[in-house]
Amino acid sequence: MASVTFNSQLNYSGRGYIDGKMQPVNKVEDLNKIPRSQRFIGLTVTVLNDGVHPYPVDYWIKDSSNKWI
């Protein structure tokens with residue numbers, strides 16, 4: 001993954017999120033499509049339809065990059 005260094009603030013005026021990990025996913029299974037190399041403890045992603053709740057639910061990584069809570 002490429003990296004870019006900025007010496008000043010970034011002003012993004014486009015639609016959507018700059019970081020693809022911050023956008024919601026449709027199903028719980030989609031969480032595992034986020035590469036492990038981009039996961040970290042504390043990462044939170046909203047799942048729009050988790051099959052249990054009738055509303056969006058946040059899932060996050062608490063202890064291991066392999067386990068969503």
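The values are calculated or read from the model by the stated rules, or taken from the named source; none is laboratory data. Because the structure is a prediction, the values reported are computed rather than measured. Using ideal geometry, Cβ is built from the backbone for each residue, glycine included, and neighbour counts are taken over all protein chains shown. Protein only, heavy atoms only, side chains kept; ligands, DNA and RNA dropped before computing areas. Shrake-Rupley method; radii C 1.70, N 1.55, O 1.52, S 1.80 Å.
Between Asn32, Asn49, Asn11, the GNM of the chain built on Cα springs shorter than 10 angstrom shows Asn11 fluctuating the most. At full extension, Arg15 and Asn66 could sit 15.4 nm farther apart than now, given 0.36 nm per residue minus the alpha carbon distance. Note on the chain: dipole from Cβ charges, positive end direction compared against Val28, Gly14, Ser65; the farthest Cα belongs to Ser65. Given their separation in residues at 0.36 nm each and the Cα-Cα distance between them, Thr5 and His53 gain 13.3 nm when the chain is fully extended. Rounded to the nearest 20 debye, the dipole magnitude of the chain is 140 debye, with +1 charges on Lys and Arg beta carbons, -1 on Asp and Glu beta carbons, and the Cα centre as origin. Size descriptors for the chain: radius of gyration and Dmax over Cα atoms are 14.0, 44 Å.
Ordered from largest to smallest accessible area (heavy atoms of protein chains, 1.4 Å probe), the residues Trp60, Trp68 come out as Trp60, Trp68. Counting heavy atoms of the protein chains alone, Ser65 has an accessible area of about 40 Å² for a 1.4 Å probe.
Ignoring any ligand, DNA or RNA, what whole percent of the accessible area of the range 4-63 comes from carbon and sulfur when the probe is 1.4 angstrom? The computed percentage sits at 50.
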